[in-house]
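First up is the structure itself, then whatever we jot down about it.
Bear in mind that the values in this text are calculations on the coordinates, not laboratory data. If you're wondering where the values come from, they're calculated on a predicted model, not measured in any experiment. Cβ placement follows ideal geometry from the backbone for every residue including glycine, while neighbour counts extend to all protein chains displayed.
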Amino acid sequence: MDGNGRWAEMRGLPRFEGHKRGVGRVSEIVEAVKGIGGEVLSLYAFSIENWMRPEEEVSVIMALLETTLKNEFMNFMKGGIRFRIIGNKEKLPDNIRSIIELVEKETYNNKEFVLQCALSYGGRDEIIRAVRKAAALNPASEEITEEYLAGLLDTAGIPDPDLIIRTSGEQRLSNFLLWQSAYSEFYFTNTLWPDFTKAELMEAVHEYQMRSRRFGKVDNNKSFFAGNSFGIPSKWSE
Ligand code: FPP
């Protein structure tokens, strides 16, 4: 949800106006992702590094989150949306943690869609917490596999992201889903999050659909040796 602050500053408004407008974009994007058959939307709302922002801005963001959860709760229930948080919950203020845990519990059995919010989140922090959990479980070394560690991450049970969209012109991952993004496709746009619309989401999805995802393997439809029986790549034998 990058670019809220700049959106406001460009208009001579306080930064919280950008965050407010940013939150206002969420329901349209959730509906759009649901509408094309998407099952999970993860929003990077607040990174573990964001705790270093001025106290006033952090309080505004937390208050916005609280109000949004209260306002949207009935919509989550009506829309079959399960809400969950990934991130370091220990750092959250008690009132925010309680409302989050309540919404997570009440929406747990909603099966149509998962809205996953990265809050107080850092990819490295998530991996370290997973390794600590593993250490406490004391597994045999051969038990430690990719599946084992993935099962201890905050995203356990949630599929890895197919497409990661970064708004506001930045072209980096900024500690987001480091483990889970191993084979994700990336889409970068200069659009600031408060201006990100369903139309632009569709553009991103369209570009994603044109990509060839091989997960490190050979594309079966475009085999290197297809097209002749001499083992010569077809494009060279033409
Ligand atoms: C990034 O913009 C946005 C944030 C740090 C906060 C976004 C989170 C919320 C508005 C609350 C979350 C609510 C829900 C329901 C998901 P920025 O401030 O980094 O913008 P800038 O890069 O232009 O300064």
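Could you tell me whether any residue of the stretch 27-43 is under 12 Å from P194 (Cβ atoms), surrounded by 18 or more Cβ atoms within 10 Å (Cβ to Cβ) and within 12 Å of the ligand (Cβ to nearest atom)?
Scanning the stretch 27-43, I find at least one residue that is under 12 Å from P194 (Cβ atoms), surrounded by 18 or more Cβ atoms within 10 Å (Cβ to Cβ) and within 12 Å of the ligand (Cβ to nearest atom), so the answer is yes.
State whether the residues of the stretch 2-9 include one that is basic (K, R), away from the ligand (no atom under 12 Å from the Cβ) and in contact (Cβ under 8 Å) with a residue 12 or more places away in the chain.
So far as the stretch 2-9 goes, no, none of its residues is basic (K, R), away from the ligand (no atom under 12 Å from the Cβ) and in contact (Cβ under 8 Å) with a residue 12 or more places away in the chain.
Name the one entry in M77, M62 that is part of a helix (DSSP H, G or I), under 22 Å from D2 (Cβ atoms) and not polar (S, T, N, Q).
M62
Suppose we keep only residues that are touching a strand residue (DSSP E or B) at 6+ places or on another chain (Cβ under 8 Å), among the polar types (S, T, N, Q) and in contact (Cβ under 8 Å) with a residue 40 or more places away in the chain within the stretch 64-111. Which one would you say is nearest to the ligand (Cβ to nearest atom)?
The qualifying residue nearest to the ligand (Cβ to nearest atom) is N75.
Which members of the stretch 106-130 meet the condition of being exposed (fewer than 13 other Cβ atoms within 10 Å of the Cβ) and either under 17 Å from the mean Cα position of the chain (by Cα) or within 27 Å of E49 (Cα to Cα) (or both)?
Across the stretch 106-130, the qualifying residues are R124, I128.
I'm trying to understand the selection: among the residues of the stretch 51-63, which are touching a strand residue (DSSP E or B) at 6+ places or on another chain (Cβ under 9 Å) and more than 14 Å from F16 (Cα to Cα)?
W51
For residues that are surrounded by 15 or more Cβ atoms within 10 Å (Cβ to Cβ) and out of contact with any strand residue (DSSP E or B) (no Cβ under 6 Å at 6 or more places or on another chain), scanning just the stretch 133-154, find the one that is farthest from G122 (Cα to Cα).
If we take residues in the stretch 133-154 being surrounded by 15 or more Cβ atoms within 10 Å (Cβ to Cβ) and out of contact with any strand residue (DSSP E or B) (no Cβ under 6 Å at 6 or more places or on another chain), then A134 is farthest from G122 (Cα to Cα).
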